[in-house]
Amino acid sequence: MQEILKVMNVTKNFGGLTALDDVNVTLKDKEILGLIGPNGAGKTTLINVIVGFYRPEKGKVFFNGEDITDSPPHTKAFKGVARTFQLTKPFSNISVFDNVMIGALLRTNSLSAAREKTMKSLERTGLKEVSGVISKGLPTGVKKRLEIARVLAMEPKVLCLDEVLTGLTPVEMDEILDLIRSLRKDEGLSIMIVEHVVKALMKGADRIVVLSSGKVIAEGPPKSVAKNPLVKEVYLGRS
Amino acid sequence: MTVSVGLNLVYGVMRIVNYSQGELLMLGMYLSYWTFVFTGLDPYISIPVVCAILFAMSLLLHKYAVEPLLKLPYECQVVTFVGLIYIFQNGALLLWSPNYRSVIIDFVSKSITILSVNIPIGRLIATLASITAAFVLYLILKKTTIGLFIRATSQDPTAASMMGIDIKKIRLLTFALSSAMMGIGAGIMLPLYYVFPFMGNFYTIIALIIITLGGLGNFIGTILSSFVIGITEAMVGTYISPEIALAVAFVVFIFILFVRPSGIMGE
Amino acid sequence: MKLEKGVRFLLLLSLLIVILVIPLLPLPLYVFHVIIILFFNAYLCTAWVIVGGFAKQVSLGHSTFVGIGAYSIGVLLSLFNLTPILGGIVGVLMTVCVALTLGYPCFRFGVRGPYFTFATMALAEVMYYVVVSLRGITGGALGIFIPPGVISSLLLLNKKIVSYYIIVVMFFFALFLARKIQHSKFGYYLTAIREDEDAAEACGVDILKYKLVALSLSAALTALGGAFYAIYYSYITPDGVLGLAVSFQIATMSLAGGAKFWFGPAVGALLITPFTETVRSMLGGRFVGVPMLLYGVLLLIVARAAPDGVSGFISSFLGRSESAGNTESYERH
């Protein structure tokens, strides 16, 4: 299978703290990759580097073979690499519909074309009924779906989901996981999920990468990672 | 310098920029002036009185005009404070007319000679007083319990309130304190310059430049950068022209803003 | 409470007729002047809101652009005897340059929110001092006198009436432009920037580019406003077109009126111009501070009670919200 996203030897420092230390991660085409690790392991930092909010001190990020390490976030979004945020960042004072419109306008200048995309995206994520609601007042679960809807409307090829399951009820979690799986199946997206809730990824992901203190400590199919003693040690006492 | 410290303090704790800080200085100076006229008290001596009055005033101000801003979007800050500027400036205009007022004290214009440099006593007192005030404030922030509370609230209001700190009171106190600081500034400035209703703007701008340079919220940075700006302005003002001095300060400011957006010692 | 299309059309039409007819009414000269200023302020505020409201880059430095627009005409006329049309073009070009010069470093290096406001404030004040000190070119604090010149003599009508129609046209132009922007991709993107810059970037919005465009457009329009000022008043002084005071007025009128909507600033100008103009007429009087004081109080009340401005208040009262212009919902399609 082709590699669609490749993180090579990435090191990211913040002052004296090394958040990412020579990290190598590969996302294959149409793969669902789970990225797990304890708090502070560097998961969100990795997403930020991939998407362009941070520049790595060393290393490169490749998308479809192209070096996108230094591109700004909006360029990468246009190229097809999109992300959601751990603490949801909806456009608070406008409606759900308008939120998704902003994503939809990425690939078109026509408002009506954007509206079409928005409607499709809202249907896909089950947000039809709340499309007119101002996003400020929405519950977390809906906001998370809004983020996905917005990102969907951007027609990405690679999706980086940052802790999209956190704060959801088990029922909501299953719904989102189903949605993610269908995104891979129907839209052909390659998805990297950063998660804290490891159990969910054990079911959903094709492969798992474990990050701890900025280093990759394990990689492979869920079952083998679960048996890895290093991983168990790092997760001492956690789910 | 006192203006910038006051501004910075308020921002640090509440993340609200008080654009009318300069106006508070103006009011302080007027208070000082009238105190002098009515009681013959030397402006330097009446500083505590002026501070107390400003402190009290700002308690009211905070409750009605400033505290609500915490929940409102950023634009509202601008509207509120410009509104206050209008109120203060025109209030002063109505009450005290647009004439320039000043207080003449004998020894202020005499100079002493230190290290072969002639320094007018008035300026010397002003500088020393500002430094002392800033130093005292620094000590308060670092060493006292209240100071600790203020710093805590500044860094993380939620955590602070969970620790039992009454953040509402702290905010009130901080705002009042920063207004009181204007009192000090007023006392030392009155003998040197004159006061008129519209003088506030100038000081507000300089203060804003200074604290941006030093890093919004950062105390030491403010002191350092006020020296930088003060010296630059003095040198340019003497050798080239006073008006260009401000322009130069601005250029320096813009330059630093781009090189290090969070200031020399930003947060 | 949506009015029927027919009724709305009639209302607008009658409003339009009233506006067109005003110069012909026997109004006292002073009232006519205030009406002209009203449109002028509304024009400036609508220009401001493109960057200050839609994109929320609150600028307190727009007086710079007004000043450049006005002084370009004045200086070119008095020094080189060039027609105001050329002066106007130069003014627009210069303001765009200044806007880009200020904007690029600011936006590129993440100078946001209050920082940006400071920078604009400093710009405004510095421009004031620079103009005053360049006495040879700009006439310093005394300003420049603009003789009636070619254009006015071509227009045989009363100068005031012509100015009125000019500013009305300018205002409606700005209004339609603002409306068009709000309902376009540009407007959506500016709203995204306003709401959450990081999220906007993640959605593919080139923040630098859009902020710069908004600022430049706003600046250019404002400069034209300055040009109008120069021609209308025939006399430009630093106090009239530069400095913080002017900036404050533009910004607060717009914000008080409502900076999220294309018609908001106009409403603000409508409400507040009476205050500022009353001051001018009272110049030197005993109570000269009163109107502005009341203005200040009004601002405080508006900030507290109607954070989205007067038009926002009315809008939510009517049960609609214009957000990025649409607040669409699925059902409407």
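FYI, it's all coordinate maths here, none of it is from the lab. Source: prediction; values computed, not measured. Every residue, glycine among them, receives a Cβ derived from its backbone with ideal geometry; neighbour counts consider all protein chains shown.
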Beyond 13 Å, what share of the Cα-Cα pairs of segment A:1-66 remains, rounded to the nearest whole percent? 63
Which value, in Å to one decimal place, does the Kirkwood hydrodynamic radius take for segment A:116-203 when every pair of different Cα atoms is included? 13.4
May I ask for the Rg/Rh ratio of segment A:1-150, computed from Cα atoms with Rh as the Kirkwood radius, given to two decimals? 1.01
Peptides ranked, highest mean first, by Cβ atoms within 10 Å: ranges C:6-19, C:230-243, C:257-270: C:257-270, C:230-243, C:6-19
About its Cα centre, how strong a charge dipole does chain A have in debye, to the nearest 20, once Lys and Arg get +1 and Asp and Glu get -1 at the Cβ? 80
Which lysines have a Cα less than 27 Å from the Cα of B:K169, not counting those fewer than 8 places away in the same chain? B:K63, B:K71, B:K142, B:K143
Cut-off 10 angstrom, C-alpha nodes, Gaussian network model of chain A. Which of A:L27, A:L177, A:L17 fluctuates the most? A:L17
Quote the relative contact order of chain A in percent (integer), defining contacts as alpha-carbon pairs under 8 Å separated by 6+ residues. 26
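Could you please rank B:C76, C:C203, placing first whichever residue has the fewest other Cβ atoms within 10 Å of its Cβ? Before the final figure, lay out each step's value.
Working: B:C76 22, C:C203 30.
So the ranking, lowest neighbour count to highest, is B:C76, C:C203.
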Which ordering of A:E66, A:E219, A:E147 is given by a fewest-first count of other beta-carbon atoms within 10 Å? A:E66, A:E219, A:E147
Ignoring everything except DSSP H segments at least 4 long, calculate the 222 nm mean residue ellipticity for chain A; use -39,500 (n - 2.57) per segment, divide by total residues, nearest 500. -10000 deg cm²/dmol
GNM of chain A, Cα pairs under 10 angstrom: of A:S92, A:S110, A:S135, the biggest fluctuation goes to A:S110
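So for segment A:67-204, averaging the separation of alpha carbon pairs under 8 Å that are six or more residues apart and normalising by length, what relative contact order in percent results?
Normalised by residue count, the contact order of segment A:67-204 is 30 percent.
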Under the rule a/c < 1.5 gives rounded, and otherwise a/b versus b/c splits prolate from oblate, where does segment C:56-140 land using the Cα gyration tensor? prolate
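Any idea what % of Cα-Cα pairs in segment C:1-98 are farther than 23 Å?
53
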In what sequence do A:I68, C:I50 fall when counting other Cβ within 10 Å, fewest first? A:I68, C:I50
Take the Cα atoms of segment A:170-227, build their convex hull, and give its volume per residue in Å³. 87
Dividing the alpha-carbon radius of gyration of segment C:54-104 by 2.2 N^0.38 Å (N being the number of residues), what value is obtained? 1.27
What is the Cα convex hull volume of segment A:42-119 when expressed per residue in Å³? 112
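Using the alpha carbon gyration tensor of segment B:60-100, what are the three equivalent-ellipsoid semi-axes (square root of 5 times each eigenvalue), largest first, in whole Å?
26, 11, 5
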